[in-house]
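Inspection log for the structure reproduced underneath, given as structure tokens.
The values are calculated or read from the model by the stated rules, or taken from the named source; none is laboratory data. Because the structure is a prediction, the values reported are computed rather than measured. Glycine gets a Cβ as well: all are built from the backbone with ideal geometry, and neighbour counts include every protein chain shown. These accessible areas exclude ligands, DNA and RNA; they are computed on the full protein's heavy atoms, side chains included. Shrake-Rupley method; radii C 1.70, N 1.55, O 1.52, S 1.80 Å.
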Amino acid sequence: MIFEVENYAMMKQAIDSFCRFLGEENIPAESVFTSKLAATELVGNVLRHAQGKARLCGEIKDGCIHLTVFSTPQFVPPKNSSRVDVFAEHGRGLFIVDEISAERTFTDDGGILVKIKIK
């Protein structure tokens, strides 16, 4: 599934649609929630930091949910995330994505790919 996202309202609609698709495919609720959290963080980062448009691609493959986020202009997150100070106002999102996913990589065509194991 592919969703074009230009603002937060479109982000909510796209992620809700993807989560409904996962439910229809009998993906367990925990994995749906994890996917929703990861997608919200990644697409939200594009809207907030790249100040552009995002494309969210989602699929079920090899026992995982694959979420790939592209942005215009391209948003390249840090390769490694770290835990921020408990009083920090920002910077937790990528760390959370890394903690809940099996893998996060940057694809050859400029996307951020996150793989979430289906439990």
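Any idea which residue in the range 22-36 is surrounded by the most Cβ atoms within 10 Å (Cβ to Cβ), counting only those that are closer than 11 Å to Ile65 by Cα and among the aliphatic types (A, V, I, L, M)?
Across the range 22-36, the extreme among qualifying residues is Leu22.
Please specify each residue of the range 5-21 satisfying the condition of being surrounded by fewer than 20 Cβ atoms within 10 Å (Cβ to Cβ), hydrophobic (A, V, I, L, M, F, W, C) and farther than 20 Å from Ala102 by Cα.
Of everything in the range 5-21, those that are surrounded by fewer than 20 Cβ atoms within 10 Å (Cβ to Cβ), hydrophobic (A, V, I, L, M, F, W, C) and farther than 20 Å from Ala102 by Cα turn out to be Ala9, Met10, Phe21.
What pairs can you find where one residue is in the range 96-118 and within 14 Å of Thr34 (Cα to Cα), the other is in a strand (DSSP E or B) and open to solvent by 60 Å² or more (accessible area, probe 1.4 Å), and their Cβ atoms are less than 7 Å apart, with a gap of 6+ or different chains?
Ala102/Lys117; Lys115/Glu103
Given the criteria open to solvent by less than 60 Å² (accessible area, probe 1.4 Å), touching a Pro at 6+ places or on another chain (Cβ under 7 Å) and either more than 17 Å from Leu42 (Cβ to Cβ) or at pLDDT 85 or above (or both), does Ile112 qualify?
For Ile112, the condition - open to solvent by less than 60 Å² (accessible area, probe 1.4 Å), touching a Pro at 6+ places or on another chain (Cβ under 7 Å) and either more than 17 Å from Leu42 (Cβ to Cβ) or at pLDDT 85 or above (or both) - is met.
Within the range 8-30, count every residue that is in contact with a helix residue (DSSP H, G or I) (Cβ under 7 Å, 6 or more places away or on another chain) and not hydrophobic (A, V, I, L, M, F, W, C).
Result for the range 8-30: 2.
For the range 68-83, indicate whether the set of residues that are under 19 Å from Phe3 (Cβ atoms), modelled with pLDDT of 90 or more and out of contact with any helix residue (DSSP H, G or I) (no Cβ under 7 Å at 6 or more places or on another chain) is non-empty.
Yes; the residues of the range 68-83 include at least one that is under 19 Å from Phe3 (Cβ atoms), modelled with pLDDT of 90 or more and out of contact with any helix residue (DSSP H, G or I) (no Cβ under 7 Å at 6 or more places or on another chain).
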